[in-house]
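Report on one structure; see the data block that follows.
The values are calculated or read from the model by the stated rules, or taken from the named source; none is laboratory data. What you are looking at is a predicted structure, and each value in this text was computed from that prediction instead of being measured. Glycine gets a Cβ as well: all are built from the backbone with ideal geometry, and neighbour counts include every protein chain shown. Note: accessible area is taken over every heavy atom of the protein model, side chains too, but ligands, DNA and RNA are not part of it. Shrake-Rupley method; radii C 1.70, N 1.55, O 1.52, S 1.80 Å.
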Amino acid sequence: MDHRRPTLCVLDASSYVGLWVTKGLINRGYPVHAAVQKTGNPEIEKTIREMGKVENGLVVLPVDIMDYQSILVALKGCSGLFCCMDTPHVYDEKMVDLEVRGTINVVEACARTDTVEKIVFTSSLTAAVWRENILSEKDVDERCWSDKEFCRKMKLWYPLAKTLSEQAAWALAMDRRLNMVSINAGLVLGPAVAEENSVSTISYLKGAAEMYENGVLAVVDVKFLVDVHIRAMEDSSTGGRYFCFDQIVNSEDETVKLANTLRPLISIPPRCEGQGREGFAERLRSRRLHKLIEGAAS
């Protein structure tokens, strides 16, 4: 642990992305408050608690996002927050409401502290790509938002949760004059993702055929995603939304590869048995991410 580095909080550290952000911070010498929910992933929570026994500078704290006071305890002494909320439970209308309410509580708690200077908020590309006519825009970039009524009509609960949560976080952050960055991640891939992040993975992939055919189905390696999160926290010039993906899945070869990566969660679509056909046009744009990466490298 580097005592010169500020203490940072990860909430929920028992989510898949939260676990990897915690690991990334520890590897870089940051003191970390790992806030874990009782309703989080029990296997990841076990891993975090084992890390807390051996990693100097890692403090594991219980948190209930419906309990404002427990959030304040987790944030005490922290200069920044990585808000990485996901649920191991099936996304439905009730879960959407809980995630939005929890997000509001977390951002409001940050505003009430004297120490939190920045929030890096983990969101999703699904908060930007869904609308009645998915082809209505040539390019999809950080200015785009998913249509909430369309998501409700099609029961796309995961995109709805991510859209409403991110919009609520932005509204409150601007009202409270908080410095916030959102990272809109593609489908997260990484070690043991099919076992440890199964619900979010399946939820993200609802409507995968439509995303694929319209050039907006994208994936991101969790280690790259973590690097972007930490760069966004460290770089004082960052602000706004950043689309984060390292590949757009737009050919049958790539679809088969993705299905094999996620076995046994998903199976190879029958129409992909004949591989190698011409792919669909890529429509996602990530110019802001490229600038962040180039700036960090220079």
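Points to keep in mind about this one:
- So Ala111, is it surrounded by fewer than 23 Cβ atoms within 10 Å (Cβ to Cβ), closer than 24 Å to Gly239 by Cβ, in contact (Cβ under 8 Å) with a residue 12 or more places away in the chain and in contact with a helix residue (DSSP H, G or I) (Cβ under 9 Å, 6 or more places away or on another chain): yes
- Selection from the range 68-94 of residues that are open to solvent by less than 50 Å² (accessible area, probe 1.4 Å), touching a Phe, Trp or Tyr at 6+ places or on another chain (Cβ under 7 Å) and either aromatic (Phe, Trp, Tyr) or part of a helix (DSSP H, G or I) (or both): Tyr91
- Filter pass, Thr39 being out of contact with any Asp or Glu (no Cβ under 6 Å at 6 or more places or on another chain), touching a residue at least 24 places away in the same chain (Cβ under 8 Å), in a loop (DSSP other than H, G, I, E, B) and not charged (D, E, K, R): yes
- For first residues located in the range 244-270 and aromatic (Phe, Trp, Tyr), partners that are modelled with pLDDT of 85 or more and buried (at least 18 other Cβ atoms within 10 Å of the Cβ) and lie 6+ apart or on another chain with Cβ distances below 8 Å form the pairs Phe245/Leu125; Phe245/Ala185; Phe245/Gly186; Phe245/Ala218; Phe245/Val219; Phe245/Val220.
- Matching entry among Ala168, Ala185, Ala194 (being in contact with a Phe, Trp or Tyr (Cβ under 8 Å, 6 or more places away or on another chain) and touching a residue at least 60 places away in the same chain (Cβ under 8 Å)): Ala185
- Under the condition of being of a type outside the set (Gly, Ala, Ser) and part of a helix (DSSP H, G or I), the residues counted in the range 16-36 number 10.
- Entirely in the range 165-232, the helices (runs of 4 or more DSSP H) that have 1 or more residues that are acidic (Asp, Glu), on the phi < 0 side of the Ramachandran plot and touching a helix residue (DSSP H, G or I) at 6+ places or on another chain (Cβ under 7 Å): 193-196
- Of all residues in the range 246-298 being among the acidic types (Asp, Glu) and part of a loop (DSSP other than H, G, I, E, B), the one that is modelled with the lowest pLDDT: Glu273
- Taking the criterion of being surrounded by fewer than 17 Cβ atoms within 10 Å (Cβ to Cβ) and among the basic types (Lys, Arg), the residues of the range 149-164 that qualify are Arg152, Lys153, Lys155.
- From Ile104, Ile65, residue being outside any strand (DSSP E or B), within 16 Å of Ser15 (Cβ to Cβ) and either open to solvent by 10 Å² or more (accessible area, probe 1.4 Å) or touching a helix residue (DSSP H, G or I) at 6+ places or on another chain (Cβ under 9 Å) (or both): Ile65
- Scoring Arg28 on the criteria (1) farther than 22 Å from Ala168 by Cα; (2) open to solvent by less than 30 Å² (accessible area, probe 1.4 Å) leaves a single failure, condition (2).
- Any hit, the range 133-146, residues being in contact with a helix residue (DSSP H, G or I) (Cβ under 8 Å, 6 or more places away or on another chain), closer than 17 Å to Tyr212 by Cβ and surrounded by 15 or more Cβ atoms within 10 Å (Cβ to Cβ): yes
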